[in-house]
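Below you'll find the structure, written out as structure tokens, and then a few comments.
What follows draws every value from the coordinates through simple rules; no lab data is involved. Because the structure is predicted, anything quoted here is derived from the model rather than measured. As a convention, Cβ positions derive from the backbone with ideal geometry for all residues, glycine included, and neighbour counts pool all protein chains shown.
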Amino acid sequence: MNKAITDGIVFQPLPFAAGLGVWSSGDGTPGSDTYATSGTGVFVAADQDFGGCLEVQKTSTVQKVRYMGETPILPGCYLRITARVKAVAGPLPSVRIAGYAGRNGGGAATVPTSVGPATALTTYGDVVEVSAIVGTGDRTGVDLVWTNADFGHFGIDLTGPSGGLVRIDDIVIEDYTVAFLRDLIAMVDVRDYGAKGDNAADDSDAFEAADAAANGREILVSEGVYRLAQDVTIQNRIRFEGRVTQPADKRFILQKDFNYRTYVDAFKDEELAFRKAYQALLNFSDHGSLDLNGRIINLTGPVDMQACDPSRTTFATRRVIRNGQFRAAGSGDWATTDVTSQVTYSPSSDRTLSNVVNVANIPVGSLVVGSGVGREVYVTSRNIGARTLQISGGLYDAAGTQTFTFRRFRYLLDFSGYDSLSQFVIDDVEFQGDGNASGILLAPAGLTFHVRDCFFTKPKDRGISSPGNGCQGMMIDRCQFVSNEASLRVQDRTTIAFNSNANDVKVRENRVVLFKHFGVIAGGGSTIVGNHWFHGDTENDGLRRGGVVFTQSNCRAAITGNYIDNCFVEWTNESEANPAFTTGYSFGGLTITGNHFVCINVSPGFNFIVIKPYGPGHFLHGLGVMGNVFRTFNGNINRVEAVDTTFADLDYGRMRQVTFSGNCYNGVTDEVFNPAYLTHTQATASNQWVARTAPQLPFLGRARFVESVLADGPLQTASNQTVNQIPWADKNYGGDQRSIRFVFDQALKGTIRYIARMDNPV
């Protein structure tokens, strides 16, 4: 800043050669005596040291020399007044810069001092330079603090003994604000505190010294490459022109400017900046969230989140990453790794693979693929010395020794290096896989991982994967999952939006587009509310798959208020190592209420609810399907529900607590109810009426109970004589046990209404 340059202000006095009429022997105000008439000063045209100069005879106690021009005093502007003098003859005086502080409109301004420090002249002929700085701010180095002054008449004072002869060079007044610029803009440069910026010296101490001195001012990291070999914490605001380097295990914590943008400024590398910012988030940054500032972070490979701070293998304090996008660079390292290995499995140790060949080559987080392995079983941990792998679920039919493939997908954010991670939140972030990378891989253990208001766009394989119990209490709220396989037929798709293994997962108000599955859920206690997932294609009579898949029999789940489009709810027990029912609870604990089920261009054999037992002996023990709308377009379907008997059928003689009621059916040939309100008309008089319940009972269940029977009109004999009689009911009648035999004590004809159940309601 220089007012003479920027604003054209003239600070410099006229030289003595221009005439002594503007140089006062008083205070410089109008009317004061000048050296043109005082007789105590003359102009010397050719001094050997100064050229033209003023020669003054000291006749007063304080001999003044003042420029009569008004030099302006401006807020934020600092002036340096410099004079060069030498003694010529007589007694040797002292010299100092001095001035008169004036106010616009007349009168003197009140100032702390009007004189600078004095310097004694000790030798004839020696040139002595004196200077002083004047300005409105009381800063270090300012000699004349003139806060209230509008202008000054500046010059020098000669003090001490009188009678001497002194020559004075032209007085210089210059804008010296640049010396105070950093103070004026509240800035501290790390170089002023010893930082080298040569990428060799350790500048850690210099950064912290600058921070200690800043005291609320901004720290400037000027041009250079600053190596920080230690942990560094900065408590003041900071600005980067230069670049910082630091080992991965050292922390750079910015407490005032904690956001992704500042870390990008510091490290000049998007990926590295995110890693260091995340490291700081976990380590006393005084912030609970990392703001990505709406930036797109292009990743060339997965971010190993635990490796960002190698000192931590567990973390359980709430932290948030929010407001940005991670994008998988097309040229990045995203190739899926497949490792084939021989293993041994015993259902008695249902979460362990033993005698694993090349166990060290199998990464944690790998998907297990092989005969007898259900969907979404992952490697949770490994013990290289013991040659064992821990897996996320049981294997339904893999006892013995065989060869499996371990498929390791690549995720934008990979948390699998943690032993446990809890209370972590990702908010308003897009995971742009671009068909190159998957989204998030959770830690093997932990609680309440929360993903909200996020987009998972075109993941290569998975949106969110849980390799263990890190999904306990997981929440997925208001997210959008958009498949990379929209153009493929349903049967050709491989991508899955999410999976979970632990209990209490909440999946709410998401939109899911054209995946193989929306979710594969192995845990219990799930709440699936207000979502829209659709997984169809354009084929006529097209194949459809499960949208939400439960993989344990007693799933304890609620599916409420969803829009379920061109897929079905699939309920299996494929994650159980002993899939045959022996004791305990069978298929139960599921309520499906208030949903809209829709399908288009499907074959008549399509069903909206499919139960698939992987072993014999199972039955329903708690299922409620209530208040739903089932609707088809471009053709009808036979039924909304079915049992997939690929491995086994259900035991229809043990059904309990099944309710199908209040549902609306459009385009469904066989509507089902339980209890079912049925009618039978007997045209020919008989004492045994055989009434069918099929196809109205769910899953074509048996006619196990009759809750009531009522004559609908008169019951008559063959001769049309009316008889009042109530029959008794013979349940489970017929070869398929789906009929009821009503027995009278005489042959009758007529119509009855009855309520039948395919389950024991208690």
task = Note down the relative contact order for region 186-291 as a percent, whole number, built from C-alpha pairs under 8 angstrom at least six residues apart.
result = 21
remark   = The size of the Cβ-based charge dipole (Lys, Arg +1; Asp, Glu -1) of region 186-291 about the Cα centre, to the nearest 20 debye, is 120
request  = For region 632-653 and region 329-346, compute the distance between their C-alpha centroids and round to whole Å.
outcome  = 36
Cβ charges +1 (Lys, Arg) and -1 (Asp, Glu), total dipole of the chain, debye = 2580
remark   = Over the Cα atoms of the chain the radius of gyration and the largest Cα-Cα distance (Dmax), both in Å, equal 44.9, 162
request  = Express as a percent, rounded to the nearest 5, the fraction of DSSP beta bridges in the chain (both residues included) that run antiparallel.
outcome  = 45
ask   = Toward the positive end of the charge dipole of the chain, about the Cα centre and with charges on Cβ (Lys, Arg +1; Asp, Glu -1), which of 653, 78, 557 goes farthest?
value = 653
ask   = Counting only residues 5 or more places away or on other chains, whose amide H sits under 5 Å from the amide H of residue 447 once H atoms are built in the peptide plane?
value = 421, 422, 423
task = Go through 475-485, 577-587 and give me the packing order, highest mean Cβ count within 10 Å leading.
result = 475-485, 577-587
ask   = Using a cut-off of 15 Å between alpha-carbon atoms, which aspartates and glutamates can reach residue 86, once sequence neighbours fewer than 8 places away in the same chain are excluded?
value = 47, 49, 55, 126, 129, 157, 169, 170
request  = Please tell me which of these pairs span more than 32 angstrom C-alpha to C-alpha: 516/731; 256/506; 196/276; 250/516; 268/516; 458/612?
outcome  = 516/731; 256/506; 250/516; 268/516
remark   = Using alpha-carbon coordinates alone, the radius of gyration and Dmax of region 142-256 in Å work out to 21.9, 74
inquiry  = Using +1 at the C-beta of Lys and Arg and -1 at the C-beta of Asp and Glu, which of 213, 402, 531 has the Cα lying farthest in the positive direction of the dipole of the chain?
reply    = 402
remark   = In nm, the gap between the two label points placed 7 Å beyond Cα toward Cβ at residue 726 and residue 427 is 6.3
key: Cα convex hull of region 337-408, projected area averaged across orientations, nm²   = 3.8
ask   = Taking R0 as 25 Å, what's the FRET efficiency between residue 718 and residue 755 from their Cβ-Cβ distance, rounded to 0.05?
value = 0.35
task = Return one quarter of the surface area of the convex hull spanned by the alpha-carbon atoms of region 497-551, equal to its mean projected area, in nm².
result = 3.8
inquiry  = I need to check one value: relative contact order of region 398-480, counting alpha carbon pairs closer than 8 Å and at least 6 residues apart, in percent.
reply    = 30
inquiry  = Taking R0 as 25 Å, what FRET efficiency do you get between residue 338 and residue 316 from their Cβ-Cβ distance, rounded to the nearest 0.05?
reply    = 0.15
task = Using only the alpha carbons of region 3-181, determine the length spanned along each of the three principal axes and report them from longest to shortest in whole angstroms.
result = 42, 33, 29
query = Quick one: net charge of residue 642's neighbours, Cβ under 13 Å, K/R +1, D/E -1?
reply = -2
task = Using Cα centres only, tell me the gap between region 253-283 and region 564-607 in whole Å.
result = 46
task = Return, for the Cα atoms of region 254-355, the radius of gyration and Dmax in Å, separated by a comma.
result = 18.3, 55
inquiry  = Counting pairwise Cα distances across region 418-483, what percent come out greater than 21 angstrom?
reply    = 21
Environment charge of residue 439, counting only residues whose C-beta is closer than 13 Å and scoring Lys/Arg +1, Asp/Glu -1 = +1
remark   = Under the rule rounded for a/c under 1.5, else prolate if a/b exceeds b/c, else oblate, using alpha carbon gyration tensor axes a ≥ b ≥ c, region 198-269 is classed as rounded
ask   = By the scheme Lys and Arg +1, Asp and Glu -1, what is the net charge of all other residues having a beta-carbon under 12 Å from that of residue 364?
value = -1
task = Could you grab the relative contact order for the chain? Cα pairs under 8 Å, six or more apart, rounded to a whole percent.
result = 6
ask   = Could the peptides 702-709, 466-473 be put in order, highest first, of the mean number of other beta-carbon atoms found within 10 Å of their residues?
value = 466-473, 702-709
remark   = Expected vector for region 575-589, Karplus 3J(HN,Hα) from phi with 6.51, -1.76, 1.60 and θ = phi - 60°, integer Hz, x for Gly and Pro, equals 8, 9, 5, 10, x, 6, 7, 10, 7, x, 9, 9, 5, x, x
request  = Using θ = phi - 60° and the Karplus relation 6.51 cos²θ - 1.76 cosθ + 1.60, list the HN-Hα couplings for region 497-510 in order, rounded to whole Hz, with x at every Gly or Pro.
outcome  = 5, 7, 9, 8, 10, 9, 8, 6, 7, 10, 10, 9, 6, 9
remark   = For region 483-666, the Debye formula with one identical point scatterer on each Cα and no solvent gives log10 I(q)/I(0) at q = 0.08, 0.11, 0.16, 0.17 Å⁻¹ as -0.23, -0.44, -0.98, -1.11
request  = Evaluate 2.2 N^0.38 Å with N set to the residue count of region 79-184, then give the Cα radius of gyration divided by it.
outcome  = 1.16
inquiry  = Looking at the calculated P(r) for region 328-479, what percent of the C-alpha pair distances fall above 29 Å?
reply    = 19
For region 278-415, with +1 on Lys and Arg beta carbons and -1 on Asp and Glu, the positive-most of 346, 413, 297 along the dipole = 297
request  = Determine the principal axes of the Cα atoms in region 607-762, then give the extent along each, sorted from largest to smallest and rounded to whole angstroms.
outcome  = 53, 37, 25
Dipole moment magnitude, nearest 20 debye, region 483-666 about Cα centre, only Lys, Arg, Asp, Glu C-beta charged = 320
